[in-house]
């Protein structure tokens with residue numbers, strides 16, 4: 001009875017790019033994302049890591065999240 005390993009497209013690089021995209025959407029200055037990812041050249045950050053997320057994709061993701069785990073709860077503090 002051997003264990004079969006599943007392969008996936010999720011790896012460190014995918015997580016790093018996701019982090020760069022999400023941080024880039026929140027950062028006021030692309031240099032903040034560049035510093036976080038430790039890139040020497042800001043063009044690398046902008047070309048490969050900071051991707052825009054269309055509002056239609058964001059809305060679909062929010063709808064899916066709500067259906068799967070319920071509405072977001074807002075903190076009051």
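Things worth noting here:
- Selection within segment 45-57 - touching a residue at least 12 places away in the same chain (Cβ under 8 Å) and either part of a helix (DSSP H, G or I) or at positive phi (or both): 45, 46, 48, 49
- Selection within segment 1-41 - in contact with a helix residue (DSSP H, G or I) (Cβ under 7 Å, 6 or more places away or on another chain), under 18 Å from residue 54 (Cα atoms) and either at pLDDT 90 or above or assigned to a helix (DSSP H, G or I) (or both): 17, 20, 21, 23, 24
- The number of residues in segment 29-44 that are over 16 Å from the mean Cα position of the chain (by Cα) and either surrounded by 10 or more Cβ atoms within 10 Å (Cβ to Cβ) or on the phi < 0 side of the Ramachandran plot (or both) comes to 9.
- Residues located in segment 45-64, provided they are surrounded by 11 or more Cβ atoms within 10 Å (Cβ to Cβ) and at pLDDT 90 or above: 60
The values are calculated or read from the model by the stated rules, or taken from the named source; none is laboratory data. A quick note: this is a predicted structure, and the numbers were derived from the prediction, not measured. FYI the Cβ positions are ideal-geometry reconstructions off the backbone, even for glycines, and counts take in every protein chain you see.
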